[in-house]
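Derivation of every value follows stated rules applied to the coordinates shown; laboratory data play no part. Bear in mind the structure is a predicted one, so any value in this text is a computation, not a measurement. Cβ coordinates were reconstructed from backbone atoms using ideal geometry, including for glycine residues, and neighbour counts include every protein chain displayed.
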Amino acid sequence: MRITVLGAGAWGTAFGQVLADAGNEVTMWARESDIVDDIVKRHHNSARLPVVDRLPDSMTATGDRAQAVAQAQIVVVAIAAQFAREALADFKDLIPADALVVSLMKGIERRSMDRMDQVVCQALDLPEERFAAVSGPNLSKEVALRQPSATVVACKDLARARTMAAACTTDYFKAFVTADVVGLEMCGSFKNVVALAVGMVRGAGYGENTASMVETRGLAELTALGQAAGADFKTFAGLAGVGDLIATCGSSLSRNYSFGSNLGKGMSVEEATQASSGVAEGVPTTEAVVALGRQLGIHTPLAYAMSRVLSEGLTCDQMLSQLFGREISEE
């Protein structure tokens with residue numbers, strides 16, 4: 001198939017390689033002319049994915065929006081979540097009317113509290129049946145190195161979900177399908193907030209008991225919030241839920257985990273941002289999760305505690321104290 005990936009960051013490029021390995025013709029779109037030239041002339045993305053020495057020959061790149069999507073059967077969106085609506089506006093009248101639009105983004109838009117499926121469909125005036133999301137335990141570096149991995153493709157039209165799954169299935173990358181778009185989106189968004197908290201307790205020097213406690217309570221919070229939003233609870237026990245949570249909360253390859261770890265070591269948000277060369281997606285998502293919890297009537301103590309870490313500079317011990325308190329409650 002002819003597939004275009006909007007955004008040539010680490011995950012967008014790694015997924016582009018998966019698509020090319022699966023036998024598709026892949027066009028990467030990027031704003032940065034140096035990245036476009038690097039991919040076209042050297043089959044390399046030294047700025048965003050240097051771990052791959054040579055990208056497949058069936059991958060090319062362009063900075064021209066119209067050229068990028070002109071003949072695309074699938075358009076994959078791999079843009080920073082908080083900037084997606086603005087960036088997609090320029091593609092609204094360019095994407096072919098029958099193309100499937102697939103999001104790799106994980107987050108909740110801060111100003112609107114919209115999930116990424118809502119952002120994409122609104123920005124492109126896209127019917128829900130032509131939208132799909134891909135999410136799972138997919139650390140970009142490991143996927144780029146072609147280590148065995150799996151993901152989940154969600155679309156309200158399961159036939160289209162299967163089309164996308166087939167387009168990204170290789171001998172090292174396996175895709176499963178679901179119709180639970182809301183659940184997949186909620187898992188991908190909130191797990192970043194949990195990863196901030198787990199990274200923070202690790203950075204502060206705490207061990208397995210503390211980390212597993214925070215991670216497990218985060219999963220319970222995530223599940224309750226997702227169900228209130230209309231998701232299927234089974235999604236949270238699968239690859240997109242527990243699977244992604246384990247990967248994101250357990251690896252220094254996770255930007256959110258590393259950001260939280262730096263906070264736990266005593267860095268300020270500004271210092272952690274500088275050390276990470278940018279803000280981790282869980283940071284802007286945290287406030288949105290707290291607001292969404294209030295809107296849905298769901299108690300979100302972990303997200304609220306992390307929001308105070310980010311806005312007020314709470315220490316790890318203060319965060320844990322606020323999170324668990326002294327009251328006795330059912331699990």
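Rg over Rh for the chain works out to 0.97, both radii taken from alpha-carbon positions and Rh defined as the Kirkwood radius.
Summarising the label geometry, the points placed 7 Å from Cα in the beta-carbon direction at residue 47 and residue 145 lie 2.5 nm from one another.
Rounded to the nearest angstrom and listed largest first, the equivalent-ellipsoid semi-axes of the range 225-331 from its Cα gyration tensor are 24, 19, 14.
Mark the label point 7 Å from the Cα of residue 268 along Cα→Cβ and return the residues of the range 289-318 whose backbone N is within less than 11 Å of it. Those under the cut-off are 313. Using 0.36 nm per residue and subtracting the Cα-Cα separation, the extra length available between residue 299 and residue 209 on full extension is 30.1 nm. Pairs of Lys residues in the chain that lie 8 or more places apart, or on two chains, and have C-alpha atoms under 20 angstrom apart add up to 11. Charging the Cβ of each Asp and Glu at -1 and of each Lys and Arg at +1, and nothing else, the dipole of the chain about its Cα centre rounds to 220 debye. Our estimate of slack between residue 83 and residue 67, defined as 0.36 nm per intervening residue step minus the Cα-Cα distance, is 3.6 nm. The local environment of residue 231, defined by Cβ-Cβ distances under 10 Å, has a net charge of -2 under the rule Lys, Arg +1 and Asp, Glu -1. A simple spin-label model places the labels of residue 232 and residue 32 3.9 nm from each other, with each point 7 Å out along Cα-to-Cβ. Between 12, 207, 218, the Gaussian network model of the chain with springs among Cα atoms under 10 angstrom shows the greatest mean-square fluctuation at 207. Computed about its Cα centre, the charge dipole of the range 183-324 is approximately 120 debye, with only Lys, Arg, Asp and Glu carrying charge at their Cβ.
Contour minus end-to-end for residue 327 and residue 157, with contour as 0.36 nm per residue of separation and end-to-end as the Cα-Cα distance?
Numbers: separation 170, 0.36 × 170 = 61.20 nm, distance 4.50 nm.
Roughly 56.7 nm would be gained on extension.
Remind me, relative contact order of the range 183-324 in percent, using alpha carbon pairs under 8 angstrom and six or more residues apart? Kindly include the intermediate steps, with their values, before the conclusion.
Details: 211 pairs, mean separation 46.4, N = 142.
Here the relative contact order equals 33 percent.
Each principal axis of the Cα cloud of the range 139-200 was evaluated for its coordinate range; sorted largest first, these ranges are 41, 30, 10 Å.
Per-peptide packing, taken as the mean over residues of other Cβ atoms within 10 Å, places 236-247, 85-96, 176-187 in the sequence 176-187, 236-247, 85-96 from highest down.
Dividing the summed helix terms, -39500 (n - 2.57) for each DSSP H run of n ≥ 4, by the number of residues in the chain produces a 222 nm estimate of -14500 deg cm²/dmol to the nearest 500. Rounded to the nearest 20 debye, the dipole magnitude of the range 2-179 is 360 debye, with +1 charges on Lys and Arg beta carbons, -1 on Asp and Glu beta carbons, and the Cα centre as origin.
Just want to confirm a number: the relative contact order over the chain, from Cα pairs under 8 angstrom separated by 6+ residues, in percent.
On the way: 693 pairs, mean separation 47.8, N = 331.
So the answer I get is 14 percent.
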